[in-house]
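Notes to accompany the following structure.
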Amino acid sequence: MARHIIASTSEIPPGGNKVVEINGRDIVVFHVNGEYFALLNRCPHAGAPLEKAACVARLTSKEPGVYERSRVGELLRCAWHGWEFDMRNGQSWFDPQRVKIRTYPVVIEDGETLAKGPYVAETFPVHVEDSYVIVEA
Amino acid sequence: MSDVIDRPILAEEEAAKSRLRIIDCDVHPSIHAHADIEQFMPKRWQEHLRTYGSHLRTPYIGTTPYPRSSPLIARRDAWPPTGGPPGSNLEFMRKQYLDPLNVEFGILQVLDLFIFSQQNLEFGAAIQRAINDWQLAFWSDRDPRLKASILAGQDDTQFAIAEIERCAKIGRYVQINVCPRANEPLGRRRYWPIYARAQELGLPLGIHVGGYGGHAPTGGGWPSYYAEEHQSNAHTMAAQLTSLVLEGIPERFPKLKIVFIEGGFGWIPSATWRMDRHFEAFRSEVPHLKRKPSEYVKEHFWFTTQPIDEPDEAKHLRSLIEWVGVDRLLFSSDYPHWDFDDPRYAFKTPLTDAERRKIFNSNARAIYKF
């Protein structure tokens, strides 16, 4: 598993995402509430690109008329058939044991650290004053 | 954990995609703006559309009685970047679907403006006629892969016949579409003139799910939820297959080809088994039937595949396909609607090359004479 510098942190706005190809796989990296999550860009059901999924919240209700939104923006709702997944671990909401999207570890490193190595990307220009999103895949 | 989850698109899938050109029997174009179809309407009906608009037998003008799963029942990624509703931009449809999926022909199914469910039959006829012209001008003329259907709402049978004649003279339409939810079941005598003309012209009869004909969408009454209404599409199709067969349509119009669109196919085996059993018991009640119902189904009817059933075990889908018959099935995607079936992944059971060729191409090619 290699570490790939895929973007500067400012490149992916909150609520946005970026798709990168790593070893023949399209991987989508979401930026939500200051965190970054990387997943295979393909719904396990019918192959829809997850970059087009709606980023939704968890909605729970203890009793009629009372509801609570939590984890806003961290759940994916696929653009086609509406299958829902947890961005944090790729688990599906409806069948977490069997249906899952592959996820990849993400870390943020500052340019100064990266410039020192050993994590220098092949071609990605690194500036010491910025920070970067690193995907391990 | 299922093995479809963690892998890139396989090389053999890419290769299979390029090998097989697809005929998609259910592609939905949308009207970008009312002005696009007004040009095909007499002034009287343009004014009617602007002043009174659509009036159905269901509540909530301008929307559907059941909030659906996504805006305009569309894939969220199918909204054209240049604006307008999903399915309204040919360039984007080409780029997102027709070109990358190697679609050889796509048969247009227009649902806009509740064409078949207008309370005012004359207005319904005017918009059907306008949309018939619009399909050629905005779609078939611009992309010859896209084939138009003659919309001919059956409740105004006289109009339907006149419209079929008008469009048949133009000669570029590949089927005649009627609605599965109208005043009476499709096998009823009042609709026979349409079937007689379709047979003479050699045009298949297309029946796409949907519509609000004034009756509850299920035999049991009005559903509470969209999920329940959506489920009823298959029930409606089963009722219409039963009506067409038991009223003897294939016996009376033996050359008529009937295509059921967007009803899926999982319900067909049990519907035909049951009809056969009832036929054995009650054949003297329906002496116009000379053969078992299932034999008519296996010769005169075709079924588009979407929304495909997804049993837990792939072998059960395989059994369904065998029971219905590979020769009966026509691939359809329903693009750009939310329940789109991707031709590469929809069949979650292995098919032989010969079966793929039939379902994805040659069955439709034979019926529609491409």
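Computed from the coordinates by the stated procedures, all read-outs in this text should not be read as laboratory data. As the structure is a prediction and not an experimental result, all values here were calculated from the model. Cβ coordinates were reconstructed from backbone atoms using ideal geometry, including for glycine residues, and neighbour counts include every protein chain displayed.
Results, tabulated for the structure shown:
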{"quantity": "Helix-only CD estimate at 222 nm, as mean residue ellipticity for chain A, using -39500 (n - 2.57) per DSSP H run (n ≥ 4)", "calculated": "-1000 deg cm²/dmol"}
{"quantity": "R0 of 51 Å, Cβ-Cβ distance B:THR82-B:ARG252: FRET efficiency to nearest 0.05", "calculated": "0.55"}
{"quantity": "In range of the label at B:VAL286: residues from the stretch B:175-191 whose backbone nitrogen is under 16 Å from the point 7 Å along Cα→Cβ", "calculated": "B:185-189"}
{"quantity": "Cβ-based exposure ranking for B:TYR52, B:TYR66, B:TYR296, in which fewest neighbours within 10 Å come first", "calculated": "B:TYR52, B:TYR66, B:TYR296"}
{"quantity": "Inter-label distance for B:HIS235 and B:LYS369, nm, one decimal - labels placed 7 Å from Cα along Cα-to-Cβ", "calculated": "3.9"}
{"quantity": "Rg and Dmax [Cα atoms of the stretch B:232-332; Å; Rg one decimal, Dmax integer]", "calculated": "13.5, 41"}
{"quantity": "Whole-Hz couplings from phi, Karplus 6.51/-1.76/1.60, listed for the stretch A:59-70; x for Gly and Pro", "calculated": "10, 10, 9, 8, 7, x, x, 10, 9, 9, 9, 9"}
{"quantity": "Label zone at B:LYS95 (point 7 Å along Cα-to-Cβ), backbone N below 13 Å, the stretch A:58-102", "calculated": "none"}
{"quantity": "Whole-Å semi-axes of chain B's equivalent ellipsoid (Cα gyration tensor)", "calculated": "29, 28, 20"}
{"quantity": "Burial order of peptide ranges A:78-89, A:55-66 (average beta-carbon count within 10 Å, highest first)", "calculated": "A:78-89, A:55-66"}
{"quantity": "Distribution of pairwise C-alpha distances over the stretch A:31-91, 5 Å bins, in %", "calculated": "4, 18, 28, 20, 15, 9, 5, 1"}
{"quantity": "Cα-centred dipole magnitude for the stretch B:20-368, charges only on beta-carbon of K, R (+1) and D, E (-1), debye, nearest 20", "calculated": "700"}
{"quantity": "Sorted by Cβ neighbour density within 10 Å, fewest at the top, the residues A:MET1, B:MET93, B:MET275", "calculated": "A:MET1, B:MET275, B:MET93"}
{"quantity": "Under Karplus coefficients 6.51, -1.76 and 1.60, residue-wise ³J(HN,Hα) of the stretch B:336-352 in Hz, glycine/proline x", "calculated": "x, 6, 4, 8, 2, 9, 6, x, 6, 10, 5, 8, 8, 8, x, 10, 6"}
{"quantity": "q = 0.10, 0.11, 0.15, 0.20 Å⁻¹: log10 I(q)/I(0) that the Debye formula gives for the stretch A:3-136, counting C-alpha atoms only", "calculated": "-0.36, -0.43, -0.73, -1.12"}
{"quantity": "Size of charge dipole - the stretch A:3-136 - debye, nearest 20, with Cβ of Lys, Arg +1 and Asp, Glu -1, no other charges", "calculated": "640"}
{"quantity": "222 nm mean residue ellipticity, helices alone, for chain B (DSSP H n ≥ 4; -39,500 (n - 2.57); rounded to 500)", "calculated": "-10500 deg cm²/dmol"}
{"quantity": "Projected-area average for the protein assembly as shown over all orientations - Cα convex hull basis, square nanometres", "calculated": "27.3"}
{"quantity": "Ascending count of other beta-carbon atoms within 10 Å, so fewest first, for A:VAL20, A:VAL128", "calculated": "A:VAL128, A:VAL20"}
{"quantity": "Those residues of the stretch A:20-45 whose amide nitrogen sits under 12 Å from the label point placed on A:ASP130, 7 Å along Cα→Cβ", "calculated": "none"}
{"quantity": "For A:ILE22, residues with placed amide H under 5 Å, excluding near neighbours", "calculated": "A:ILE27"}
{"quantity": "Signed unit charges on C-beta, dipole axis of the stretch A:3-136, positive-most listed residue A:GLY82, A:GLY34, A:THR9", "calculated": "A:GLY82"}
